[in-house]
Protein chains: 2
Amino acid sequence: MTAIQDQLPNNHCYGCGADNAHGLQIKSHWQDDECVCRYTPRPEQCAGPLQYVYGGLIASLIDCHSNCAAMSNYYRLEGREIGSSPEIWCVTGRLTVNYLAPTPIDTEIELRATLEEVGERKTVVKSRVYSGNTLTAEGEMIAVRVPQSWRETG
Amino acid sequence: MTAIQDQLPNNHCYGCGADNAHGLQIKSHWQDDECVCRYTPRPEQCAGPLQYVYGGLIASLIDCHSNCAAMSNYYRLEGREIGSSPEIWCVTGRLTVNYLAPTPIDTEIELRATLEEVGERKTVVKSRVYSGNTLTAEGEMIAVRVPQSWRETG
């Protein structure tokens, strides 16, 4: 099954872009009504102590995974293939992460996201972050749909 | 003036650890009652389009800068040098980021943080993120003081 990210054209995002060779290169898939991402941390992505991941990695994973879940759902609602023209893009309006326990660096991380509210312009995505069976963080991300012109200015 | 991070011993954090050669290596300083950090993005830290930074970088900068502000303040309240023994460490309880505008990748980013609430165990830190004169994000981070044993388990 092709990951959502591998269907998004011209995505250079450090977190989720298939076109960023230096980035996290996360891959997300829908499993029924949950969007799932598994990520294996790199040793340098540690916190102060070497055995845990740094909080910014958890925030980055939640942010990008949630955004890809929201964007793929907008394609679905329009009955179109992910990445088909006209392209659909969202950006992050707000990101909240509750850190519940340290996340070990030597264990694969699993994110499970659900769409809590879906509007024409905004989607609220809730994520749970697991290390093995331990829930180590919870996230809420508001994805905001932007016009194609957003990508072309700056 | 020595940065807060350069006084913290054995800090391998990808975001703020002086001992992480691969990390962001942020440096924060107090200017009166504001804690200030300036960071120059790397080209690969882009969003989907190449000209903006990815949201996870903003979240990571706010998280680590806020935590260093909180930790350094606990040393100050105890009348001690940053990094002196016994070491003081905080972790992130909750991180919230409001993204207000895209943050250009070709411009230095400035974070300005203030301590909104300081308790014995928790500090609430508010941050403003600027690109030039443009406020591009606002963050709130709750730092939670942890015992030294937190760093040694896992």
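Any read-out appearing in this document is the output of simple, stated calculations on the displayed coordinates, not a laboratory observation. Computed from a prediction, not measured in an experiment: that's the story for all the values here. Reconstructed Cβ throughout: ideal geometry from the backbone, glycine too, with neighbour counts over all protein chains shown.
Which trypsin sites (Lys or Arg not before Pro) does segment B:70-128 hold that lie in a coil by DSSP with at most 15 other beta carbons within 10 Å?
Passing sites in segment B:70-128 are B:80, B:121.
List the distances, in nm to one decimal, from the label point of residue B:1 to the label points of the same position in every other copy, shortest first, placing each label point 7 Å from Cα along the Cα-to-Cβ direction.
5.3
Let me have the relative contact order for chain B, percent, based on Cα pairs under 8 Å that are six or more residues apart.
22
For a quick check, take a GNM of chain B with Cα springs below 10 Å and name the residue from B:101, B:113, B:70 with the largest mean-square fluctuation.
Among B:101, B:113, B:70, the largest mean-square fluctuation in the Gaussian network model of chain B belongs to B:101.
Taking amide H positions as placed in the peptide plane 1.01 Å from N, state which residues far from residue A:53 in sequence (5 or more) or on other chains have amide H under 5 Å from it.
A:47, A:103, A:105
To one decimal in nm, how far is residue B:135 from the same spot in the other copies, if labels go 7 Å from Cα toward Cβ? Please give the shortest first.
So the distances to the same position in the other copies read 3.4 nm.
Quick one: dipole size for the protein assembly as shown, taken about the Cα centre, charges +1 on Lys/Arg Cβ and -1 on Asp/Glu Cβ, in debye to the nearest 20.
Computed about the Cα centre, the dipole is about 120 debye.
Which distances, in nm and shortest first, link the residue A:42 label point to the same label point in every other copy, taking 7 Å along Cα→Cβ?
With the label placed 7 Å along Cα→Cβ, residue A:42 yields 0.7 nm.
Lys and Arg at +1, Asp and Glu at -1: add these up for the other residues within a Cβ distance under 11 Å of residue A:38 and post the number.
Combined, the nearby Lys, Arg, Asp and Glu give 0.
Does segment B:1-51 come out rounded, prolate or oblate by the C-alpha gyration tensor, with a ≥ b ≥ c the root eigenvalues, rounded set by a/c under 1.5 and, if not, prolate when a/b is larger than b/c and oblate if not?
oblate
Using a cut-off of 15 Å between beta-carbons, work out the net charge of the residues near residue A:28 (Lys and Arg +1, Asp and Glu -1, residue A:28 not included).
Its environment carries a net charge of -1.
From the residues B:139, B:102, B:118, which one has its Cα farthest along the dipole of segment B:87-154 in the positive direction, the dipole being from +1 and -1 charges on Cβ of Lys/Arg and Asp/Glu about the Cα centre?
The listed residue farthest towards the positive side: B:118.
Just to confirm a number: summing +1 for Lys and Arg and -1 for Asp and Glu over residues other than residue A:91 whose beta-carbon lies under 15 angstrom from that of residue A:91, what do you get?
Neighbourhood net charge equals +2.
When chain A is treated as a GNM, springs tying every alpha-carbon pair under 10 Å, which of A:72, A:127, A:84 comes out with the largest mean-square fluctuation?
Maximum fluctuation in the GNM of chain A, among the listed residues, is at A:84.
Treating only the Cβ of Lys, Arg, Asp and Glu as charged (+1, +1, -1, -1), what charge dipole size does segment A:10-52 show about its Cα centre? Round to the nearest 20 debye.
220
Comparing B:46, B:68, B:35, which has the greatest mean-square fluctuation in the GNM of chain B with Cα pairs linked when under 10 Å apart?
Highest fluctuation of the listed residues: B:46.
Where a ≥ b ≥ c are the square roots of the eigenvalues of the C-alpha gyration tensor, would you call segment B:1-129 rounded, which needs a/c under 1.5, or, failing that, prolate if a/b is larger than b/c, or oblate?
It comes out prolate by the Cα gyration axes.
Post the alpha-carbon centroid distance, segment A:17-40 to segment B:82-154, in whole angstrom.
Centre-to-centre (Cα) distance: 27 Å.
Restricting to lysine pairs 8 or more places apart or on different chains, what number in the protein assembly as shown have Cα atoms under 26 Å apart?
7
Using each residue's phi in segment B:98-108, evaluate 6.51 cos²θ - 1.76 cosθ + 1.60 at θ = phi - 60° and report the 3J(HN,Hα) Karplus result to the nearest Hz, with x for Gly and Pro.
9, 8, 9, 7, x, 9, x, 7, 9, 10, 4
About its Cα centre, how strong a charge dipole does chain A have in debye, to the nearest 20, once Lys and Arg get +1 and Asp and Glu get -1 at the Cβ?
For this selection, approximately 200 debye.
What do you get for the angle between helix A:55-77 and the principal long axis of chain A? Use alpha-carbon atoms, 0 to 90 degrees, nearest ten.
With rounding to tens, the tilt is 30 degrees.
Run through segment B:56-136 and list the GluC sites (Glu not before Pro) located in a DSSP loop whose Cβ has at most 12 other Cβ atoms within 10 Å.
Qualifying residues, ordered by number: B:78, B:81, B:108, B:120.
Taking segment A:59-154, which chymotrypsin sites (Phe, Trp or Tyr not before Pro) meet the DSSP loop condition and have no more than 12 other C-beta atoms within 10 Å?
For chymotrypsin sites (Phe, Trp or Tyr not before Pro) across segment A:59-154 that sit outside H, G, I, E and B with at most 12 neighbouring Cβ atoms in 10 Å, the list is empty.
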